[in-house]
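Computed from the coordinates by the stated procedures, all read-outs in this text should not be read as laboratory data. As the structure is a prediction and not an experimental result, all values here were calculated from the model. All Cβ positions, glycine included, derive from the backbone under ideal geometry; neighbour counts span all protein chains shown.
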Amino acid sequence: MTLQLDPKVREELISVQKELFSRGELHSQKSLEKYHETFRMRFGPERLAELDGEELLETMHAHGNRESLVYWLEFKDDEELPVLRNMGTGMILCVSISEMLNIDKNRYCMISKN
């Protein structure tokens, strides 16, 4: 079952997204793609498949290691990857709304810089 939003609500959401983007409060698609590639190179399935045993456990779960997956997901916030801290509920909401609106989530679900 696909939920439909009122066209006025849809337009309002798109308008807010465009306004935030024009004010520089959203990351560009190009930036998001760069962050995704950085993350994928470090923790994607291909990379993790190369690891085994203690090295795999350290890469994924070492809380004291700023290069571990758990650190990147919970605390990483710098030029290399400034977006993951804010992905939680906001991203889930954005993806849900984009599916309801039948619009491209990759185009409109840009994570806020703040």
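Find out how many positive minus negative residues lie around E46, taking Lys and Arg as positive, Asp and Glu as negative, among other residues whose Cβ is under 13 Å from that of E46.
Counting the neighbours of E46, the net charge comes to +1.
Calculate one ³J(HN,Hα) per residue across the range 19-31 by plugging θ = phi - 60° into the Karplus curve 6.51 cos²θ - 1.76 cosθ + 1.60, and present them in order as whole Hz with x for glycine and proline.
My calculation for the range 19-31 gives 5, 4, 5, 5, 7, x, 9, 10, 6, 6, 4, 4, 5 Hz in order.
Sorted from fewest to most neighbouring beta carbons within 10 Å, what does the list E33, E54 look like? Could you put the intermediate results ahead of the total?
Values: E33 12, E54 9.
Fewest to most other Cβ atoms nearby, the residues stand as E54, E33.
Once label points are set 7 Å from the Cα along Cα→Cβ at both K18 and E46, what is their separation, rounded to one decimal in nm?
Result for the modelled spin labels: 3.7 nm.
Taking all pairs of different Cα atoms in the range 28-82, averaging 1/r and flipping that mean, what Kirkwood radius in angstroms comes out?
Across the range 28-82, the inverse of the average 1/r is 11.8 Å.
Which loop-located trypsin sites (Lys or Arg not before Pro) does the range 20-52 contain, where loop means any DSSP state but H, G, I, E or B and the Cβ has at most 12 other Cβ atoms within 10 Å?
Those satisfying the criteria are R23.
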